[in-house]
Amino acid sequence: MITFTVNGTRRTIAAAPDTPLLYVLRGELELNGAKFGCGLGQCGACTVLVDGEPVFSCITPVMLLDERTVRTIEGLGSADAPGPVQAAFIAEQAAQCGYCIAGMVMRAQALLERDGDPDDDAILAALEPSLCRCGTHVRIVRAVKRAARTMAGKPMAGKVEAVR
Amino acid sequence: MKRVLLLTLVAAGCGALAALAYAWHGEIAPISPPPAATFDRAQIERGAALALIGDCRTCHTAPGGTTFAGGLAMPTPFGTIYSTNITPDPETGIGRWPLAAFVRAMREGVDREGRHLYPAFPYDHFSLTTDADLAALYAFLMTRTPVVATAPANQLPFPINIRLVLAGWKLLFFHPEPFKDDPSRDAAWNRGRYLVEGLAHCGACHTPRNLMGAEIRSRAFAGGEAEGWTAYPLDAQSPARVPWTKAALAQYLREGWQTDHGVALGPMGPVTENLAEAPAQDIEAMADYLASLGAPASETATPKAPAPDASGQRPQSAGWQAAAMALPTDASAGRRVFAAACAACHQAGRPLPLGGVDLALSTAVAAETPRNLLNLILRGVPAADGVAAPIMPPFAAMDDTALTALLDYLRRDIAARPAWLDLAAAITAARRAAAPQTTANPAKGAP
């Protein structure tokens, strides 16, 4: 049996140990925020945090996660009370179809936890493994900057910061 | 007694003067930057090809910077050296360098002003380059767009920060000789040797270095290291399980990957990106020479290609479902990790670039140290721009226990090699190197 902490709650998993984390999250734990995109660890739609680092959950067997800490987008906030990164993505209207956004948000969260004031290059490098086929990248970069300001206790007013 | 002392002093004085005379190089007078029209078009094109083979832009371009404008930080065991601006800007580049100054830099490691250059600039290889090729390189560089850019100051400790010290280094380790063809070999092999030993400076990474940072010539191509990666031996000690043929080398150098050998990673990645654009016949020649350095084909394993099915197609399965392997109940932890995380691509019987390399034939698994294998697992193989090339997601979520079990399994059960020693230390080092950089932007002031 594999046991790990998901969004602050300890869960014991019934699935076979070689099952990808994504299937366990969506199927067994009913956390549907992380998405199945390519299934090959290439598109980033399935990204969640393991011990604070972004991981492609579709290629990560749960056997690697015994006694580890997993965070999904559900752990950052809810529709009624979104976390700062989620709120910033909403404020900037950074989603088009939205399929990649949970992964983008998780990568942004990991970035902002280690660098509270990332520049454009740092944001682009951190989010590079996530693909957005709609092309909302400019808004996504703005959203990450907005979230950084909020998390630093200096929230932006309605106006958005210019992006290079 | 006094006379002996005096004689000793005089001798020492003469020695010091002789040393200074050896070490001292005069300035070569600057010129007005020559107009681009003064260079021959065909010569510029030859220079462009040679610059690709010489990998010039890889070191002389900073991340996000303009090509050839320099400023790349090059960490060495002695300190950090910054590459210089080799665009023809008159003040910050080489715009006022006459051809003679360029030739002297390439052949003797001395800049136009007469200062010794650090051997991070591999003049110990470039010195083999012919007059005609140096003139072509000069023509190419002098016709680039000038960029105003000054490299940051090198961060080197005393006494290495004194350039005159390099005269002593050169006296000990730098003995340039003009390139001579081997008359017993054909023209292509000689061309390949000229490029590999010279401009391409393969030995700069693939030859071990001594404590003074000089290549150990007696062990040419016996393997070295670069930027936290192992540069595998290219000689008979090559750990490759499949012999490197000329055709395989040519494909690898040009495309950055090869079916039986895998992907060019780490500092080798940019090398193959440059060679992809270089003239095919030069790459063929380099492959010809490099293949001749390796072990005789009979001594190594033969490649196993996946068997085609009845339709003549290679197996096309990939993905987690395809990998569901019936594991015995007593399967080792490493085998379980392999089955769950690796087998979907590496045992699906699908060749590169869409499947993974057969790990029984992998050089990284067969190598002397686990360094490259760990770098590969933790960082993955990112998608290449604009070409169909192999990819691999990073498996950074593997903790040390899982990595250790996996590497033991790969090494012993898949590659049938003795276990690596000091795996724990290697994992720690690879993890540290692969970790995302925390912010270090000096331009950013306090909030």
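If I filter the range A:29-50 for residues that are of a type in the set (Val, Ile, Thr), more than 15 Å from A:Ser130 (Cβ to Cβ) and out of contact with any strand residue (DSSP E or B) (no Cβ under 9 Å at 6 or more places or on another chain), do I get at least one hit? Full working, then the answer.
Filtering the range A:29-50 for residues of a type in the set (Val, Ile, Thr) gives A:47-48, A:50.
Among the residues that remain, those that are also more than 15 Å from A:Ser130 (Cβ to Cβ) are: A:50.
Checking the rest, the ones that are also out of contact with any strand residue (DSSP E or B) (no Cβ under 9 Å at 6 or more places or on another chain) come to none.
No: the range A:29-50 contains no residue that is of a type in the set (Val, Ile, Thr), more than 15 Å from A:Ser130 (Cβ to Cβ) and out of contact with any strand residue (DSSP E or B) (no Cβ under 9 Å at 6 or more places or on another chain).
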*Select from the range B:76-119 the residues that are more than 23 Å from B:Gly65 (Cα to Cα) and aliphatic (A, V, I, L, M) and list them in ascending order.*
B:Leu99, B:Ala100, B:Ala101, B:Val103, B:Ala105, B:Met106, B:Val110
*Members of the range A:4-36 found to be touching a residue at least 24 places away in the same chain (Cβ under 8 Å), assigned to a loop (DSSP other than H, G, I, E, B) and farther than 23 Å from A:Leu127 by Cβ, listed by number*: A:Gly8, A:Ala15, A:Pro17, A:Asp18, A:Thr19
*Selected residue [away from chain A (no Cβ under 14 Å) and more than 28 Å from the chain's Cα centre (by Cα)] from B:Arg417, B:Arg412, B:Arg371*: B:Arg412
*Here are some conditions: (1) within 12 Å of chain B (Cβ to nearest Cβ); (2) assigned to a helix (DSSP H, G or I); (3) under 13 Å from the mean Cα position of the chain (by Cα). A:Val144 meets all but one. Which one does it not meet?*
(1)
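Just to verify a result, which residue in the range B:312-347, among those that are within 12 Å of chain A (Cβ to nearest Cβ) and assigned to a loop (DSSP other than H, G, I, E, B), is modelled with the highest pLDDT?
Step one: list which residues in the range B:312-347 are within 12 Å of chain A (Cβ to nearest Cβ), which gives B:318-327, B:331, B:333-345.
If we keep only those that are assigned to a loop (DSSP other than H, G, I, E, B) too, we end up with B:318-320, B:324-327, B:331.
Working: B:Ala318: 42, B:Gly319: 44, B:Trp320: 44, B:Ala324: 49, B:Met325: 56, B:Ala326: 68, B:Leu327: 81, B:Ala331: 91.
In this case the residue turns out to be B:Ala331.
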*Would you please name the residue that is nearest to the other protein chains (Cβ to nearest Cβ), looking only at residues in the range A:106-138 that are more than 15 Å from the chain's Cα centre (by Cα) and crowded, with 18+ Cβ neighbours inside 10 Å?*
A:Asp115
_For the range A:60-96: of the residues being under 30 Å from A:Pro17 (Cβ atoms) and hydroxyl-bearing (Ser, Thr, Tyr), which is nearest to the chain's Cα centre (by Cα)?_
A:Thr72
*Please work out which residue is nearest to A:Ala15 (Cα to Cα), limiting yourself to the range A:27-36 and to residues that are under 15 Å from the mean Cα position of the chain (by Cα) and more than 12 Å from chain B (Cβ to nearest Cβ).*
A:Leu31
*In the range B:342-366, which residue that is in contact with a helix residue (DSSP H, G or I) (Cβ under 7 Å, 6 or more places away or on another chain) and small (Gly, Ala, Ser) is farthest from A:Phe56 (Cα to Cα)?*
B:Ala360
*Residue ID - farthest from the other protein chains (Cβ to nearest Cβ), chosen from residues in the range B:379-391 that are crowded, with 19+ Cβ neighbours inside 10 Å and within 18 Å of B:Pro436 (Cβ to Cβ)*: B:Val381
*Please specify each residue of the range B:354-378 satisfying the condition of being in contact (Cβ under 8 Å) with a residue 60 or more places away in the chain, surrounded by fewer than 19 Cβ atoms within 10 Å (Cβ to Cβ) and either among the hydrophobic types (A, V, I, L, M, F, W, C) or in a helix (DSSP H, G or I) (or both).*
B:Ala360
*Give me a count of the residues in the range A:37-50 that are within 11 Å of chain B (Cβ to nearest Cβ) and either farther than 20 Å from A:Ala125 by Cα or of a type in the set (A, V, I, L, M) (or both).*
6
*Within the bounds of the range B:119-130, is there any residue that is surrounded by 21 or more Cβ atoms within 10 Å (Cβ to Cβ), assigned by TED's automatic domain parsing to the domain that holds B:Leu293 and assigned to a loop (DSSP other than H, G, I, E, B)?*
no
*With the condition kept exactly as written, say whether any residue in the range A:93-114 is out of contact with any Leu (no Cβ under 7 Å at 6 or more places or on another chain), basic (Lys, Arg) and within 19 Å of A:Met151 (Cβ to Cβ).*
yes
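For the range B:83-94, give me each residue that is surrounded by fewer than 19 Cβ atoms within 10 Å (Cβ to Cβ) and not β-branched (Val, Ile, Thr).
Result: B:Pro90, B:Glu91.
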*Would you be able to tell me the number of residues in the range A:27-43 that are surrounded by fewer than 19 Cβ atoms within 10 Å (Cβ to Cβ) and among the charged types (D, E, K, R)?*
2
_Can you tell me how many residues within the range A:7-26 are surrounded by 15 or more Cβ atoms within 10 Å (Cβ to Cβ) and either facing chain B (nearest Cβ under 10 Å) or in contact with a helix residue (DSSP H, G or I) (Cβ under 8 Å, 6 or more places away or on another chain) (or both)?_
12
_Residues located in the range B:170-193, provided they are exposed (fewer than 12 other Cβ atoms within 10 Å of the Cβ) and outside any loop (DSSP other than H, G, I, E, B)_ = B:Leu172, B:Ala187
*Read through the list (1) out of contact with any strand residue (DSSP E or B) (no Cβ under 9 Å at 6 or more places or on another chain); (2) closer than 16 Å to A:Val62 by Cβ, then give the number of the only condition that A:Leu21 fails.*
(1)
*Quick one: would you say B:Ile216 is touching a Pro at 6+ places or on another chain (Cβ under 6 Å) and surrounded by fewer than 17 Cβ atoms within 10 Å (Cβ to Cβ)?*
yes
*Give the number of residues within the range A:53-101 that are more than 14 Å from chain B (Cβ to nearest Cβ), touching a residue at least 12 places away in the same chain (Cβ under 8 Å) and over 18 Å from A:Gly8 (Cβ atoms).*
13
*Would you point out the residue of the range B:68-79, among those that are at negative phi and under 18 Å from the mean Cα position of the chain (by Cα), that is surrounded by the fewest Cβ atoms within 10 Å (Cβ to Cβ)?*
B:Pro77
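The values are calculated or read from the model by the stated rules, or taken from the named source; none is laboratory data. As the structure is a computational prediction, the values presented were derived from the model and not from experiment. Because the Cβ atoms are built from the backbone with ideal geometry, glycine has one as well, and the counts that use them run over all protein chains shown.
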